[in-house]
Amino acid sequence: MSASAFDNIKEGDEFELVHKGFTRTDFVRYAGGGGDFNPIHHDESFAKMSGNETVFGMGMLTAGMLSRVPAKWFGAENVKSFGIRFKSRLWPGDNVTFKGVVNKVYEENGVKHVDMDLSAINQKEELLIQGFATCRPWKS
Amino acid sequence: MLSPPVAKINPPGVPIERGKIHEFACSIYDDNPLYHDLEAAKAAGLPSVVAPPTYTSVQAFFFDPKDAGAILESGLDLDLRFVLHGGQEFYFERPIFAGDVLTAHQGEMRTYEKEGKRGGLMKFAEMESYYTDENDEVVLRVKNILIQTAGVVKK
């Protein structure tokens, strides 16, 4: 996608990415990539000792995967803001739908801006993350 | 994720690196060429590959775990046993590129309380930080939200 995604965008437009079957390996890969070595995300016995059924994914893994929605839709350099609230946890085996819905299109200083609502929802229709983003074509 | 106040943990001048961006982008399953491919970035008129929106959260972990206690000393008065990462917000003045050298600064901190849906008083702490580049220009503002629950969260 590119800056041209801004051309015909309107309120209510949607963009969706699906990731099926999260694995413990995904959590470990994010531990390396993102630097979160809290054992609750990779050490089964530690997670159980802390009262969890098993290890669960880092919130910032789900957040990072949700950030793909505005970045793929409008261009990685065009994301002006991105925010999230964690609602439920990501477990091994989960299938997650990452979705963006445009809620406002407007101009600021003559530059088109697009506001969107973001969500990450699992196979049980549970909201893992609620978020928002604003995109605008960036020029240096 | 628990990250202590940023200014206490990050050495000044952390380089944003292509290899680390590639690794981070792979770990969030993002094949966007602007994260991985220098030629694609240059063809798009950019100086280098772009860092994904949440990339700077990597830097929150550039600290000695014993410094996590810095939260307690920061005047937020939180009980770390019950603190969860509630959310995070990123506001970009410009994209972050490989080759940037960024320095993190502590911004404002505030706490407030709210009645939780599952009962009990929840305490919120918002910690702001911002990143400057080599020209001392602010490129990114981050708000980190911590929640202290009344007890262990079951869900």
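Since every read-out is calculated from the coordinates, none of them should be taken as a lab result. This structure is a prediction, so every number in the text was calculated from the model and none was measured. Neighbour counts run over all protein chains shown; Cβ positions are idealised from the backbone, glycine included.
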Next on the checklist: Looking at the structure I just gave you, is A:Arg89 over 21 Å from A:Thr134 (Cβ atoms) and either β-branched (Val, Ile, Thr) or touching a residue at least 12 places away in the same chain (Cβ under 8 Å) (or both)?
Outcome noted: yes
Item to check | Selected residue (criterion: farthest from A:Trp91 (Cα to Cα)) from residues of region A:1-57 that are out of contact with any Phe, Trp or Tyr (no Cβ under 6 Å at 6 or more places or on another chain) and of a type in the set (Phe, Trp, Tyr) | outcome: A:Phe6
Checklist outcome for this item: A careful count of residues in region A:72-91 that are buried (at least 23 other Cβ atoms within 10 Å of the Cβ), facing another protein chain (nearest Cβ under 7 Å) and farther than 26 Å from B:Leu146 by Cα gives 2
Next on the checklist: Being touching a residue at least 60 places away in the same chain (Cβ under 8 Å) and closer than 24 Å to B:Ala51 by Cα narrows it down to one residue among A:Asn95, A:Asn78, A:Asn38, A:Asn103; which is it?
Outcome noted: A:Asn78
Checklist entry - Any idea which residue in region A:124-140 is nearest to the other protein chains (Cβ to nearest Cβ), counting only those that are among the hydrophobic types (A, V, I, L, M, F, W, C), farther than 12 Å from A:Val79 by Cβ and buried (at least 17 other Cβ atoms within 10 Å of the Cβ)? => result A:Ile129
Item to check | Single condition A:Met65 does not satisfy, out of (1) under 23 Å from B:Lys143 (Cα atoms); (2) surrounded by fewer than 22 Cβ atoms within 10 Å (Cβ to Cβ) | outcome: (2)
